[in-house]
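All remarks here apply to the structure that follows.
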Amino acid sequence: MKKILFRKLLFDCLKFFFIAIVGISAIVWVFQAVNYLDIMVEDGRNYLVYFKYTILNFPKIISKIYPFALFISFYYVISKYENNNELVIFWSHGINKLQVINFFLRASFVLMIFQILFLTFLVPKTQDLARSTLRNSDINFFDNFLKPKKFNDIIKGVTIYSDKKEIDGTLKNIYIKKTSSNTNFEITYAKTGVIKKYDNTQILVLYDGHNIKGNDNNLDSFSFSKSDFNLSNLESNTTTYKKTQENTSIDLIRCYQSLNSNKKNNKIFKVENCSLSNLSNILGELYKRMIIPLYIPILILTSLFLILISKENTNYLKNKILIFLIGFFIVIFSETTLRFIQNNLHENIKIILIPFFLTLIFYQFLNYKLKPKFR
């Protein structure tokens, strides 16, 4: 009977947690998806790239909301059980409150391990795939980013300016600057231009213009009545290198070990962003993936403070609000500690040990409050 009651309570908490995390994540994802419209509109990407990129960012959103949704779920369900007198069933079947705390503490370790695995493996992989989607995609909708009276520099090494854009898409007074190095450049001016497509190749057709080409110290110029500027196979200015958060955890650990073993090595070429100047970000990323999830047992223990108080108590509402604020503060505090990460692992030991000490303190506090009642 005890196992059935424990499973029922845990099932209700997890069910509400699943609904909460999916619902909140979906809302956040919709707002972010609206912001990501710039990828398609400003950068000229197609709809498929936009869809893949937004979907691949969903696991990251879930990982951010995970601790708060977990605390809210356990807090709400335990409060509901107390208000509906359902916790009395536990006590009437010989289950003491310390057994409930021990059961949920063990469950919190499982949820903590799941979050660590989620942050360590899945989130970096999806972030890398999202970046690769942009990295390997082409600019398809040039009409989207060629805006009048604006220097459009989405294309790498190319700046395009037009004074006016007609309803039919014709550009007026076009200025194009293309650079391949500090000494090599090409400047083109045309009175009008229009984007045309030939066999999946997009070309900006220029009319009545002038071209100046610089090669080292030599200048060549010529006038033209019609000229084609090929827009295909041009690279975007979108970041193409792999960011620290997109590297696998194993690569980050190997990078730290290599940098720590030989401080004179300022860069390791096998892992992107593996350098002494980026060491704090590397340790911060590892801390975010492996240490911050250790606050999950603390959050669940905080929600279990509710079983210490009865709804018949005159200060019941105040205590509930106080418990909620404590849990909310722990969520914020766990994220804030990321700012105190130093370049040396030994200097971060104190910060790493905080969740272990807090878990022990919270458990001992609950144990102290409950033990006298069963002596």
> Out of segment 169-182, which residues are free of Cβ contacts under 8 Å to residues at least 24 places away in the same chain and surrounded by 15 or more Cβ atoms within 10 Å (Cβ to Cβ)?
Replying inline: N173, Y175, K177, K178, T179
> Does F31 meet the test of being closer than 22 Å to N319 by Cβ, at pLDDT 85 or above, of a type in the set (A, V, I, L, M, F, W, C) and assigned to a helix (DSSP H, G or I)?
Replying inline: no
>> Checking the conditions here, which among F104, F109 is under 30 Å from F356 (Cβ atoms) and open to solvent by less than 30 Å² (accessible area, probe 1.4 Å)?
In response: F104
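Residues are listed down the side, and each one gets a yes or a no for (1) hydroxyl-bearing (S, T, Y); (2) closer than 21 Å to I72 by Cβ:
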| position | (1), (2) |
| --- | --- |
| T302 | yes, yes |
| L308 | no, yes |
| E312 | no, no |
| L322 | no, yes |
| L366 | no, yes |
| K369 | no, no |
> In segment 313-361, which residue that is of a type in the set (A, V, I, L, M, F, W, C) and in contact with a Phe, Trp or Tyr (Cβ under 7 Å, 6 or more places away or on another chain) is farthest from N83 (Cα to Cα)?
Replying inline: I341
>> Among (1) touching a Lys or Arg at 6+ places or on another chain (Cβ under 9 Å); (2) closer than 22 Å to K150 by Cα; (3) without any contact (Cβ under 8 Å) to a residue 60 or more places away in the chain, there is one condition S221 misses while meeting the rest; what is its number?
In response: (2)
> From the residues in segment 1-28 that are more than 18 Å from I72 (Cα to Cα) and hydrophobic (A, V, I, L, M, F, W, C), which one is modelled with the highest pLDDT?
Replying inline: F6
> So, in segment 183-227, of the ones that are more than 46 Å from the chain's Cα centre (by Cα) and acidic (D, E), which residue ends up most open to solvent (accessible area, probe 1.4 Å)?
Replying inline: D220
> Among the helices (runs of 4 or more DSSP H) contained in segment 290-375, which hold 1 or more residues that are open to solvent by 40 Å² or more (accessible area, probe 1.4 Å) and modelled with pLDDT under 95?
Replying inline: 316-336, 349-370
>> Anything in segment 142-168 that is open to solvent by less than 20 Å² (accessible area, probe 1.4 Å), at pLDDT below 80 and not hydrophobic (A, V, I, L, M, F, W, C)? List them, or say none.
In response: N152
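The values are calculated or read from the model by the stated rules, or taken from the named source; none is laboratory data. As the structure is a prediction and not an experimental result, all values here were calculated from the model. Here the Cβ is made from the backbone with ideal geometry for all residues, glycine too, and neighbour counts use every protein chain on show. Side chains included, ligands, DNA and RNA excluded: accessible areas come from the protein's heavy atoms. Shrake-Rupley method; radii C 1.70, N 1.55, O 1.52, S 1.80 Å.
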